[in-house]
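One structure is given here, and the rest of the page talks about it.
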Amino acid sequence: MKYLSLFSKLFLALAVISFASSCGTDDTTTDPTQGPSTFLEDEAGFLSTDATIDAGDVINVRLTASTGTSLLNTLTIYEDGFEVDLSRITIDGADAGANPKLILGEDVNGFTYDISITPHTTGTATYEFEVADADGNKDASTIDVTISSGPLTLELATGSSSLQLGSESLFEVALNATTGSAALSTLTVYEDGVVISDLTRLRYGAVEIANAFDANPFTLPVDDQAGFAKSIWIRSHAEAGVTKTFTVRVEDEALETADLDIVVTLGTIATPFDNEYTGRLVYNADGQNFGGLDLDTGSNVSAFDATADIIDSGLDNNDNWFRTIEPSNGASLRSIDTTQPELFSYDNVSSKEAMIAAYDSGQELFQSGTVNIGDTFTAKVGTTYYIFVVRNLVETSADNFDYYEFDIKQAY
């Protein structure tokens with residue numbers, strides 16, 4: 001046919017347009033922005049992949065960062081997604097200055113930093129080294145670091161694991177506890193395999209009653225859950241001549257345990273005391289009667305007498321009775337230790353050994369506090385021990401006939 005069909009003409013027109021377009025220049029294509037890049041150098045002395053290190057070791061990495069289309073701006077170091085405290089980081093052996101750290105000078109064009117980090121204490125943590133450029137583009141290198149855990153341990157820091165006590169008393173156990181694979185959680189004290197239920201018999205960290213356990217098992221303070229070097233105090237049993245085993249157990253969050261046994265024997269020796277004097281009076285030292293006490297004979301003597309072992313302190317500047325006592329002529333006066341057994345009293349002291357134990361654990365006094373009925377003191381003169389109690393106290397307002405009434409036990 002001489003004439004092309006309409007369809008054929010359209011096909012040829014489209015082919016020409018397509019050919020013309022293919023011969024032109026494409027002005028719409030641009031290169032994408034390239035961010036920074038980081039990697040950890042694989043060199044001796046530096047971690048570059050996931051690793052396990054010993055407790056107490058430092059994490060050392062050599063981080064290299066390169067620019068993309070923008071200059072480098074910041075370096076941020078994370079542990080499990082949180083910025084690592086600046087005090088734990090050094091860069092090239094110096095203080096990092098900040099975290100995030102601002103990249104300055106020639107380092108904006110790329111750097112290699114030697115980074116040291118004081119690690120976490122237990123388990124595994126992820127450390128991330130993130131570099132950002134001036135346009136906010138970022139790249140990061142990460143490693144998982146696991147702290148190698150030895151077994152959970154509980155050891156005696158000082159002292160003996162076998163004790164001989166003269167009588168029922170609080171004894172100290174100095175402990176060193178180190179973690180294994182998990183943080184410590186509780187401490188439990190047993191007596192012959194039975195959990196001690198009387199919490200007043202147990203103290204943590206200090207001997208005062210305010211430090212008594214609030215439960216047994218005792219939940220360790222947060223500061224001690226990563227390990228501790230601390231003392232506990234245990235009130236011994238009361239049966240003379242009996243040996244018992246006290247077990248201290250620490251447990252961690254992984255339910256691992258470590259035990260320490262302390263074997264305690266109460267002595268069978270009970271030497272009777274030598275003398276007891278009752279109803280012995282000592283007067284206001286500034287009054288008309290004698291203000292001193294000869295402990296050896298239980299006699300009321302002058303406060304200025306060479307035999308006076310304990311003397312009254314007399315009156316203050318307003319002529320008020322101090323109602324305090326003092327040692328004299330080389331005698332040693334002591335208060336009763338507040339950590340004595342709860343049933344401790346003057347009346348229950350029946351042996352020289354108990355008197356010596358009370359004196360040894362007491363606090364030296366150069367003057368007592370205000371004396372009250374029932375107050376008990378110990379004393380030593382030469383090699384002789386005394387314990388005495390205030391049975392009565394009379395304070396007069398119209399004259400200076402004030403006095404104390406003491407009972408005294410003596411052991412040579």
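The values are calculated or read from the model by the stated rules, or taken from the named source; none is laboratory data. The structure displayed is predicted, hence computed values, not measured ones. Here the Cβ is made from the backbone with ideal geometry for all residues, glycine too, and neighbour counts use every protein chain on show. Keep in mind that these areas ignore ligands, DNA and RNA; they rest on the heavy atoms of the full protein, side chains included. Shrake-Rupley method; radii C 1.70, N 1.55, O 1.52, S 1.80 Å.
Taking (1) under 15 Å from Leu293 (Cβ atoms); (2) open to solvent by less than 50 Å² (accessible area, probe 1.4 Å); (3) not aliphatic (A, V, I, L, M) in turn, Tyr346 satisfies each apart from (1). Determine which single condition Ile311 fails, assuming it passes every other condition in (1) more than 17 Å from Thr378 (Cα to Cα); (2) open to solvent by 20 Å² or more (accessible area, probe 1.4 Å). Checking Ile311 against (1) more than 17 Å from Thr378 (Cα to Cα); (2) open to solvent by 20 Å² or more (accessible area, probe 1.4 Å), the one that fails is (1). Considered as a group, the residues in the stretch 371-412 that are more than 15 Å from Trp321 (Cβ to Cβ) and aromatic (Phe, Trp, Tyr) include one that is most open to solvent (accessible area, probe 1.4 Å), and that residue is Tyr412.
Filtering the stretch 195-247 to residues that are more than 27 Å from Ala183 (Cβ to Cβ), within 22 Å of the chain's Cα centre (by Cα) and among the β-branched types (Val, Ile, Thr) leaves Thr200, Ile209.
Does Asn216 satisfy the condition of being closer than 27 Å to Ser167 by Cβ, modelled with pLDDT of 95 or more and either among the aliphatic types (A, V, I, L, M) or not in a strand (DSSP E or B) (or both)? Criteria met by Asn216.
Among the residues of this structure, Phe366 does not count as one that is aromatic (Phe, Trp, Tyr), modelled with pLDDT under 95 and open to solvent by 20 Å² or more (accessible area, probe 1.4 Å). The residue pairs whose first member lies in the stretch 180-197 and is acidic (Asp, Glu), whose second member is open to solvent by 10 Å² or more (accessible area, probe 1.4 Å), and whose beta carbons are closer than 9 Å, counting only pairs six or more residues apart or on different chains, are Glu191/Arg201; Glu191/Lys244; Glu191/Thr245; Glu191/Thr247; Asp192/Lys244; Asp192/Thr245; Asp192/Thr247. Thr257: under 17 Å from Thr200 (Cα atoms), exposed (fewer than 15 other Cβ atoms within 10 Å of the Cβ) and not acidic (Asp, Glu), yes or no? Considered against the rule, which asks whether it is under 17 Å from Thr200 (Cα atoms), exposed (fewer than 15 other Cβ atoms within 10 Å of the Cβ) and not acidic (Asp, Glu), Thr257 comes out as no. Count of the stretch 343-359 residues, restricted to those that are of a type in the set (D, E, K, R) and at pLDDT 85 or above, is 2. Scanning the stretch 185-201 for residues that are crowded, with 17+ Cβ neighbours inside 10 Å and at pLDDT below 95 gives a single hit, Arg201. Here is the figure for the stretch 79-112: residues that are of a type in the set (Gly, Ala, Ser), at positive phi and open to solvent by 50 Å² or more (accessible area, probe 1.4 Å) total 4. Looking across the stretch 282-293, the residues that are under 13 Å from Ala308 (Cα atoms) and open to solvent by less than 80 Å² (accessible area, probe 1.4 Å) come down to Val282, Tyr283, Ala285, Gly291, Gly292, Leu293. Taking the stretch 165-179 as the range and being crowded, with 19+ Cβ neighbours inside 10 Å and of a type outside the set (A, V, I, L, M, F, W, C) as the test, the residues that pass are Ser167, Glu168, Ser169, Thr178, Thr179.
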